[in-house]
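Structure, as structure tokens:
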Amino acid sequence: MVLEIIQLTVYGIVLGSIISLGAIGLSLLYGILRFAHFAHGDVMTVGAYLALAGVTGLGLPIWAASALAVGGGVGLAVLIDQTLYRRLRRTAPVILLIASVGIALILRSLVQFVWGPDTQVYTQELQMPVRLLGIRLKPTQLQIVAGAVILVVILHLFLTRTRTGKAMRAMADNPELARIVGIDTELVVVWTWVIGAALAVAAGIFLGMDTRLQPTMGWHILLPVFAAAILGGIGKPYGAIVGGMVVGIASELSTMVFPPVYKPAVAFALMVVMLLVRPTGLFGAPR
Amino acid sequence: MDLFELFTFVVFFLSLVGIYGVLALGLNVQWGLTGLFNIGIAGFFAIGAYTSAILTTADSPGYVGGFGLPMAVGLLVGILLSGTIALLIGLITLNLREDYLAIATIGIAEIIRLVLKNEEWLTNGVRGIAGIPRPFAGWFDDPTGVTNLLVVALALVVVYAALERGRQSPWGRVMRAIREREIAVMAAGKNTVRFRLESFVLGSAIMGLAGGLYAHFFGFVSPEAFDPMYTTFLIWVMLIAGGSGNNRGALLGALVIWTIWAGTEYLTNAFAPPEYLTRAATVRMFLVGLLLEIILLTRPQGLLPESQFVTRREERRRRRSDISDGK
């Protein structure tokens, strides 16, 4: 029983790492552009499939393919922002929301067109789980958590040590004030897309490593990612990490009671409770 | 194709346009009138469809059923259930930021999808529920489904007339004022959360009605028919293309977009080689997505923009006086 709880918590940390990476970008974008980016899950999907193209098409090792995919995903996100979202930024935020739902669909149909609807994997090799004090862990799961930790550390250094990072946090806190003190908001917006998309691509690749690749994989994890961002408080990247871990661990632990297919429902329930108790999230200022 | 086949095809086509028209009208109450963002249309649509399906079918082994109630009861309970679920979501999210409602509706649609797929005792899982009675089945012979079209048309006319009345009434004016500037409406002493809740529940109930009509139209429901993305997205494109805020625009959008959607499907089925059929479907979805973005960029008000005036009579009178003034 205790062992099972620990085992599921470990799985939850793996899932939480993936959700966190998605939620950080979503939370930053939400904080800076003031709209819920519904295509974020599908950016994850595109990233995962770009890496697949690197692995199966070019025969690259997964880390090199991932670097390529991050480049591709970032380029795509900035392109979409500059051609579409930028033109709509003057209108109501909710128009941007609709546009992003459209982008989600466009990205998913592209993935489905190029790679087909069937599930795929990065490698057919059999994963031998490592046993550690009675806990089973696959090497890929260790890689996912390690990768997520490295990315979060880089993000932390970027947000606290660089001018752009500080400007980004300032803008997420108060966009009007940021503009008044002379922050180049358009530049910050582009940087936000770069970071959000890079983390989303990483999350997508990790998700593909942990399970399989599917054109709907990103869409189906979007709800937990949103739940994590809301749990942590919108616009709070560190909150998103905590939110992601809470959602991930709670989802895995719930499988002791509910069938595993209802994991997204757990994320949703957590989100609803949060909205009822403290709508600004764990790390947001109370109203 | 002989005349009979053509007639059957037209009836089939118009019935679907009618059902999508009801859905678009439901969304127009929420988004067009009040500015509420619902991306869980497929969920409310599915609730209406499954409720009516379960209540009206004959007994079958393996899942709940055998009530054999009349279609009217099925539709009514479906409407009530969709409305109730909307009420619960609305109570939680409507006093928060507008995007939270959007996220919550995605969540509820996703959970409904999971329940439909996995709770076999209730919904028969992926196999779906068959044998849902057609309207007035057994009263007379109807090989073309024209009775069904009449039922859909009647529902559409009733919903349209009621919504037009609602839009022109003080209630509709408050809704539009909330959409434009909520704080001003609050300053005028209106309980805006309550009005938004009414709008959300009404719209969702109409979507539930559309679901019931759909179930009795096809006689069969399965989780595949309620894919959250495709249904929800098509309705959104219909409303935005037609003109949000305008009930006639919603109907026109349903007709135009469904003609494009079904027409391209017909073309690809007829001319594309079978191995490309699934790819052709994704291309169509891609193009509809692109169409939405182009509309948002170039003509956000849609084909039939919302009228500046409360009633059509007033609009006509104003236009006449403009002409006589030589404007």
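Within region A:200-208, can one find any residue that is touching a residue at least 40 places away in the same chain (Cβ under 8 Å), crowded, with 18+ Cβ neighbours inside 10 Å, touching a Phe, Trp or Tyr at 6+ places or on another chain (Cβ under 7 Å) and closer than 22 Å to A:LEU68 by Cα?
Checked region A:200-208: at least one residue is touching a residue at least 40 places away in the same chain (Cβ under 8 Å), crowded, with 18+ Cβ neighbours inside 10 Å, touching a Phe, Trp or Tyr at 6+ places or on another chain (Cβ under 7 Å) and closer than 22 Å to A:LEU68 by Cα.
Does B:GLY212 satisfy the condition of being among the small types (Gly, Ala, Ser) and over 29 Å from B:ARG127 (Cα atoms)?
no
Restricting to region B:128-139, give me the number of residues that are surrounded by fewer than 16 Cβ atoms within 10 Å (Cβ to Cβ) and either outside any loop (DSSP other than H, G, I, E, B) or not hydrophobic (A, V, I, L, M, F, W, C) (or both).
Counting residues in region B:128-139 that are surrounded by fewer than 16 Cβ atoms within 10 Å (Cβ to Cβ) and either outside any loop (DSSP other than H, G, I, E, B) or not hydrophobic (A, V, I, L, M, F, W, C) (or both) gives 3.
Kindly check whether there is at least one residue in region A:85-99 that is part of a helix (DSSP H, G or I), of a type in the set (Lys, Arg), within 20 Å of B:ILE39 (Cβ to Cβ) and more than 7 Å from every other protein chain (Cβ to nearest Cβ). Don't jump to the end; show me each part of the working.
Within region A:85-99, the subset part of a helix (DSSP H, G or I) is A:85-88, A:93-99.
If we keep only those that are of a type in the set (Lys, Arg) too, we end up with A:86-87.
In the following step, the residues that additionally are within 20 Å of B:ILE39 (Cβ to Cβ) were identified as none.
No - not one qualifying residue is present in region A:85-99.
Can you pull out the residues in region A:237-253 that are in contact with a Pro (Cβ under 9 Å, 6 or more places away or on another chain) and surrounded by fewer than 20 Cβ atoms within 10 Å (Cβ to Cβ)?
none
Just one of the numbered conditions (1) buried (at least 23 other Cβ atoms within 10 Å of the Cβ); (2) at pLDDT 90 or above is not true of B:ALA72; which one?
Here B:ALA72 clears every test but (1).
Considering every residue within region A:59-70, establish whether at least one is outside any helix (DSSP H, G or I), away from chain B (no Cβ under 14 Å) and out of contact with any helix residue (DSSP H, G or I) (no Cβ under 7 Å at 6 or more places or on another chain).
So far as region A:59-70 goes, yes, one or more of its residues are outside any helix (DSSP H, G or I), away from chain B (no Cβ under 14 Å) and out of contact with any helix residue (DSSP H, G or I) (no Cβ under 7 Å at 6 or more places or on another chain).
Enumerate the helices (runs of 4 or more DSSP H) found wholly within region B:140-201, keeping only those where 1 or more residues are among the aromatic types (Phe, Trp, Tyr). Write out each step before concluding.
Working: elements: B:146-168, B:170-180, B:182-187.
Because the criterion is at least 1 residues that are among the aromatic types (Phe, Trp, Tyr), the helices (runs of 4 or more DSSP H) in region B:140-201 that meet it are B:146-168, B:170-180.
Assess whether B:LEU88 counts as being free of Cβ contacts under 8 Å to residues at least 24 places away in the same chain, within 10 Å of chain A (Cβ to nearest Cβ), closer than 24 Å to A:PRO260 by Cα and surrounded by fewer than 19 Cβ atoms within 10 Å (Cβ to Cβ).
no
Does B:LEU267 satisfy the condition of being among the aliphatic types (A, V, I, L, M), more than 10 Å from every other protein chain (Cβ to nearest Cβ) and over 19 Å from B:GLY203 (Cα atoms)?
In short, yes.
Does A:THR140 meet the test of being closer than 17 Å to A:LEU52 by Cβ, hydroxyl-bearing (Ser, Thr, Tyr), modelled with pLDDT under 95 and in a helix (DSSP H, G or I)?
Yes: the conditions hold for A:THR140.
Residues to consider are B:LEU69, B:LEU6; find the one that is in a helix (DSSP H, G or I) and either closer than 19 Å to B:ILE89 by Cβ or of a type in the set (A, V, I, L, M, F, W, C) (or both).
The unique qualifying residue is B:LEU6.
Tell me, which residue of region B:115-130 that is polar (S, T, N, Q) and within 14 Å of chain A (Cβ to nearest Cβ) is nearest to B:SER222 (Cα to Cα)?
B:THR123
So B:PRO223 ticks every box in (1) away from chain A (no Cβ under 14 Å); (2) within 22 Å of B:PRO133 (Cβ to Cβ) but one. Which box is left unticked?
(1)
Name every residue in region B:184-218 that is closer than 19 Å to B:ALA72 by Cα and either among the hydrophobic types (A, V, I, L, M, F, W, C) or modelled with pLDDT under 90 (or both), in order of residue number.
Across region B:184-218, the qualifying residues are B:LEU202, B:ALA205, B:ILE206, B:MET207, B:LEU209, B:ALA210, B:LEU213, B:ALA215, B:PHE217, B:PHE218.
State yes or no: is A:THR119 within 23 Å of B:THR278 (Cβ to Cβ) and surrounded by 24 or more Cβ atoms within 10 Å (Cβ to Cβ)?
Answer is no for this residue.
Are there any pairs with C-beta distances below 9 angstrom linking a residue in region A:70-87 that is free of Cβ contacts under 8 Å to residues at least 12 places away in the same chain to a residue that is among the small types (Gly, Ala, Ser), with the two at least 6 apart or on different chains, and if so which?
Every condition considered, the pairs that remain are A:GLY71/A:ALA198; A:GLY75/A:ALA197.
Which ones in region B:269-317 are charged (D, E, K, R), under 24 Å from A:ILE106 (Cα atoms) and either out of contact with any Leu (no Cβ under 8 Å at 6 or more places or on another chain) or outside any helix (DSSP H, G or I) (or both)?
Result: B:GLU275, B:ARG279, B:ARG284, B:ARG299.
The values are calculated or read from the model by the stated rules, or taken from the named source; none is laboratory data. Please read all numbers here as calculations on a predicted model, not as lab measurements. No Cβ is skipped: glycine too gets one built from the backbone with ideal geometry, and neighbour counts run over all protein chains shown.
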